[in-house]
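Remarks on the structure that follows.
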Amino acid sequence: MTIPTNGDVLKLSEVAWKISRIFNADRNKAPIEFKDVETKLNALAKALKGLAEALHIDGDSRFLQEADEHIQHGIQLVLDSCDRTVNDLDSFVDHHQVIKKHRTVGGFAIERTWDDLVFSKYESMIWTAEGGDIHSLQELLQMHTSSISLLIHALSR
């Protein structure tokens, strides 16, 4: 079984934070659900960063390496599920974002926004790999954050 390192978890945290930025775009046009997803992604990114720090303090996964097979499997399931959700959402965002370049004094500024289809159809769009709507995505992100927080708590004991 591949034991995740603090670097793996930190990379996942960075992807979650990057995705949250697109949910912050077009605040005036974005539905309220987007603010909630942004908030939940930021909380997940923060929890993952905390887990990476806990793993680093723990000697880069010593707790995980010494845990019995059932515990390792459970932790791996939690992290794999979180990884799948974040990476699936990253692909969704890449597919549905519009990237605009603006010339600035020092070069270019890049603005990432949603394509208009997302704003008009977000309630009926499929946001999760399981076929869930945006509310399912919100619940899934909350579940991952809670699970990661429990892992941090276990590492601190």
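The values are calculated or read from the model by the stated rules, or taken from the named source; none is laboratory data. In this text the structure is predicted, and so the values were computed from the model without any measurement. We place every Cβ from the backbone using ideal geometry, glycine too, and count neighbours over all the protein chains shown.
Among the residues of the stretch 100-126 satisfying the criterion of being surrounded by 10 or more Cβ atoms within 10 Å (Cβ to Cβ) and β-branched (V, I, T), which is nearest to D26 (Cα to Cα)?
T113
Could you give every pair whose Cβ atoms fall below 9 Å, whose first residue belongs to the stretch 94-108 and is in contact (Cβ under 8 Å) with a residue 40 or more places away in the chain, and whose second residue is hydrophobic (A, V, I, L, M, F, W, C) and surrounded by 10 or more Cβ atoms within 10 Å (Cβ to Cβ), counting only separations of at least 6 or pairs across chains?
Q97/I22; Q97/A25; Q97/W114; Q97/V118
Looking at V93, V86, V98, which is the one that is of a type in the set (V, I, T), in contact with a strand residue (DSSP E or B) (Cβ under 9 Å, 6 or more places away or on another chain) and in a helix (DSSP H, G or I)? Give the derivation first.
Numbers: V86 fails: in contact with a strand residue (DSSP E or B) (Cβ under 9 Å, 6 or more places away or on another chain); V98 fails: in a helix (DSSP H, G or I).
Exactly one residue qualifies, and that residue is V93.
Restricting to the stretch 13-47, give me the number of residues that are in contact with a Ser or Thr (Cβ under 6 Å, 6 or more places away or on another chain), modelled with pLDDT under 95 and not charged (D, E, K, R). Give the steps one after another, and end with the answer.
Within the stretch 13-47, the first condition is being in contact with a Ser or Thr (Cβ under 6 Å, 6 or more places away or on another chain), and the residues that meet it are 25-26, 38, 41-45, 47.
Those left that are additionally modelled with pLDDT under 95: 25-26.
Remaining after also requiring not charged (D, E, K, R): 25.
Summing the residues that are in contact with a Ser or Thr (Cβ under 6 Å, 6 or more places away or on another chain), modelled with pLDDT under 95 and not charged (D, E, K, R) in the stretch 13-47 gives 1.
Considering only residues that are on the phi < 0 side of the Ramachandran plot and either at pLDDT 95 or above or not aliphatic (A, V, I, L, M) (or both), look in the stretch 49-61 and name the one that is nearest to the chain's Cα centre (by Cα). Outline the logic, then answer.
Residues of the stretch 49-61 that are on the phi < 0 side of the Ramachandran plot, as a first pass: 49-58.
Right, trim to either at pLDDT 95 or above or not aliphatic (A, V, I, L, M) (or both) and you get 49-50, 53, 56, 58.
Working: K49: 11, G50: 14, E53: 17, H56: 20, D58: 23 Å.
Applying the filter and picking the extreme gives K49.
Working only within the stretch 109-122, note down all residues that are without any contact (Cβ under 8 Å) to a residue 60 or more places away in the chain and either under 21 Å from the mean Cα position of the chain (by Cα) or not in a helix (DSSP H, G or I) (or both).
Looking only at the stretch 109-122, we keep the residues that are without any contact (Cβ under 8 Å) to a residue 60 or more places away in the chain, and these are 109-110, 115-118, 120-121.
Passing the criteria: A109, I110, D115, V118.
Does any residue in the stretch 144-157 that is farther than 19 Å from T39 by Cα come within less than 6 Å, Cβ to Cβ, of a residue that is not in a loop (DSSP other than H, G, I, E, B) six or more places away or on a different chain, and which pairs are these?
Listed by first residue and then by second, the contacts come to L151/L51; I152/G50; I152/L51; I152/A54; L155/A54; L155/F63.
Are there any pairs, at least 6 apart or on different chains, whose C-beta atoms fall under 6 Å, with the first in the stretch 22-50 and within 21 Å of M143 (Cβ to Cβ) and the second of a type outside the set (D, E) and in a loop (DSSP other than H, G, I, E, B), and if so, which?
E38/N24
Within the stretch 127-135, can one find any residue that is assigned to a helix (DSSP H, G or I), surrounded by 14 or more Cβ atoms within 10 Å (Cβ to Cβ) and acidic (D, E)?
No, there is no match, as no residue in the stretch 127-135 is assigned to a helix (DSSP H, G or I), surrounded by 14 or more Cβ atoms within 10 Å (Cβ to Cβ) and acidic (D, E).
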